[in-house]
Protein chains: 2
Amino acid sequence: MHQAVIATVDIVFLTIHNGRLGVALSKRDKEPFQGGDALPGGYIHAQEDRDCLDAAVRILHEKTGILPPYLEQLQTFAGAARDPRGWSVSVAYFALVHYRVIESAHHPDVAIFPVDALRRLPFDHNDIIATAVDRIRNKAQYSSLPCHLAGETFTLPKLQKVYEACLGEALNKVSFRRKMQELAVLEAVPGQMETEGAHRPAQLYRLKAEFKNGLKSLARGL
Amino acid sequence: MHQAVIATVDIVFLTIHNGRLGVALSKRDKEPFQGGDALPGGYIHAQEDRDCLDAAVRILHEKTGILPPYLEQLQTFAGAARDPRGWSVSVAYFALVHYRVIESAHHPDVAIFPVDALRRLPFDHNDIIATAVDRIRNKAQYSSLPCHLAGETFTLPKLQKVYEACLGEALNKVSFRRKMQELAVLEAVPGQMETEGAHRPAQLYRLKAEFKNGLKSLARGL
DNA sequence: ATACTTAGTTGCATTTTGTAACTAATAGGC
DNA sequence: GCCTATTAGTTACAAAATGCAACTAAGTAT
């Protein structure tokens, strides 16, 4: 088949670190750019299904040891200029996870970098990351997407800080809570409060199960 | 290279026909599904660049004779079930054009079908079209995307009907005009009015040049 | 001239959004 | 125990955006 091409998956693995949106990069174990920080990526196997979700889950797990709670297709990048080995096509995904999940995996070759101060990365990875950041910033304006960055349970003030980190601007407390109310994706964890410091404790919330799109369904076969 | 895969492009070519959102399908000239109506599609050539835009422009031109005024990447579909020949990956695009452009190309193998009453199509083309329709319906709520369905010049009442066809619901005249005003993507064609019937003529508008994303830049090399 | 039809605007009621000021609940210092 | 500091969560109200009905405008047909 002369039309066959090299197809890869690259994953923009986003998290909130030190109050800023960050991307988890892994050290490349092969040439080109061996040893450089880059997006976790790999070849698509022709038996993997559900678009390239299966490949994305497998590759992210291989490179970081993490089964992502949230994974969504971003965009497909193709061209001759993106890889020194020649023309290639890459289906990019983005994953969202709470910082603690990356931390507790303590994979030696994975590190987090703030997305707004990235140095020049291999291939077209700066472009891919910029596209992912645009997407999440845009969706943060009207959707519950950033909730996946806040962990299993969280308080509303914590969640607001996550949204603020995504959007890069301060939000009004009342407006934010009204918006969350109307999105109707959260449920209070019964009785559970978070007490942290010398002040009124806050109610813990979690995503309702039907909005989780989680690890269980994504990770089948691993 | 055992990782090489078959990669294609499929294009959801949308237009407004008889006041409804329609998709232009072309008769397949090869097996499988020879003679059936399907999305215009074809193999990606490994020298084509700008993601798969070049391939999308070439393929749409081959199958319909049209250089699309507007083309945007939709999503990538992959899996074993979508093609009887086995696993494949397809980068889907959607194109928007005014009905007259398709009509005046009078390509014998191209026909327009309303998107909300499609019969079962080959491959996963029903899924791809549904995804495109979702995307345009969503973008019609806040963006100028449907303007590309309205032709070179159009009146505001005509444009409103295009938006209504996309969204599938009637819109308020004043609100619609306010929204268009604030999007600030239109300019009046100086002096030009459309007189059509026994009533007050309407002002003609067009997209400002910077929002066209047009044929000139897309069609290089054809 | 008058009636009819669609284009486009104006004024106002309704709804949504943003803000400040309030109350609530905790820990810690004295 | 009681006051203070601090953050959580609510309330009341002002400001802005949206939706609607009624208006004026400009043409053709009779």
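A few comments on the model shown:
- When the pairs A:Lys139/A:Lys212; A:Lys161/A:Lys212; B:Lys30/B:Lys212; A:Lys212/B:Lys161; B:Lys27/B:Lys212 are compared against a 28 Å limit on Cα-Cα distance, B:Lys30/B:Lys212; A:Lys212/B:Lys161; B:Lys27/B:Lys212 fall above it.
- Inter-centroid distance (Cα atoms) of the range B:90-153 relative to the range A:41-97, Å: 28 Å
- Under 17 Å from the Cα of B:Lys208 - aspartates and glutamates, other chains or at least 8 residues apart: B:Glu152, B:Glu182, B:Glu187
- Per-residue SASA remark: A:Ser144, around 30 Å² accessible (1.4 Å probe; ligands, DNA and RNA not included).
- Cα gyration tensor shape for the protein assembly as shown, rounded if a/c is under 1.5, else prolate or oblate: oblate
- With every protein chain in place, chain A: carbon and sulfur % of accessible area (1.4 Å): 51 percent
- Label-point separation, A:Gln34 to B:Arg137 (7 Å along Cα→Cβ), nm: 5.2 nm
- Once all protein chains are placed together, B:Lys30 keeps about 120 Å² accessible to a 1.4 angstrom probe.
- Degrees between helix A:156-167 axis and first principal axis of chain A (Cα, 0 to 90, nearest 10): 40 degrees
- Acute angle (nearest 10 degrees) that the helix B:125-140 long axis makes with the longest principal axis of chain B, alpha-carbon atoms: 30 degrees
- 1.4 Å probe accessible area per residue over the protein assembly as shown, in Å²: 49 Å²
- Counting from the shortest, the label point at A:Ala111, 7 Å from Cα toward Cβ, is 6.1 nm from the same position in each remaining copy.
- Averaging over all projection directions, the Cα-based convex hull of chain B occupies 13.8 nm² in the image plane.
- When both bridge partners sit in the range B:1-143, DSSP labels roughly 75% of those beta bridges antiparallel.
- Among A:Trp87, A:Pro69, A:Tyr205 the positive-end extreme of the charge dipole of chain A (Cβ point charges): A:Tyr205
- In summary, the lysines within cross-link reach of B:Lys158, defined as a Cα separation below 17 angstrom excluding same-chain residues under 8 places away, comprise B:Lys173, B:Lys179.
- Computed over the range A:47-144, the convex hull of the alpha-carbon atoms projects to a mean area of 7.6 nm².
- Nearest 10 degrees, 0 to 90: helix B:53-64 Cα axis against chain B principal axis: 80 degrees
- Inter-copy spacing of A:Ala202 label points, which lie 7 Å from Cα along Cα→Cβ, given in nm from shortest upward: 5.0
- When you filter the GluC sites (Glu not before Pro) in the range A:120-222 for DSSP loop state and at most 10 other Cβ atoms inside 10 Å of their Cβ, you are left with A:Glu169, A:Glu196.
- With a 1.4 angstrom probe, the accessible area lost at the A-B interface totals about 2200 Å².
- Mean separation of Cα contacts under 8 Å (6+ apart) over length of the range A:7-140, as relative contact order %: 32 percent
- Here A:Ile44 sits with roughly 0 square angstrom of accessible surface, probe radius 1.4 Å.
- Per-residue mean of C-beta atoms belonging to partner chains within 10 Å, peptide B:43-52: 6
- Anisotropy class of the range B:152-211 from Cα gyration tensor, a/c 1.5 cut: oblate
- For the range A:62-97, accessible area lost to neighbouring protein chains reaches 50 Å² or more, against the chain alone with a 1.4 Å probe, at A:Gln73, A:Thr76, A:Ala78, A:Trp87.
- For the options A:Phe33, A:Phe94, A:Phe13, a Gaussian network treatment of chain A with springs between C-alpha atoms closer than 10 Å singles out A:Phe33 as fluctuating the most.
The values are calculated or read from the model by the stated rules, or taken from the named source; none is laboratory data. Remember, it's a predicted structure, so these values are computed and weren't measured experimentally. Ideal geometry is used to build each Cβ from the backbone, glycine not excepted, and the neighbour counts take in all protein chains shown. These area figures cover heavy atoms from the full protein model, side chains too; ligands, DNA and RNA do not enter into them. Shrake-Rupley method; radii C 1.70, N 1.55, O 1.52, S 1.80 Å.
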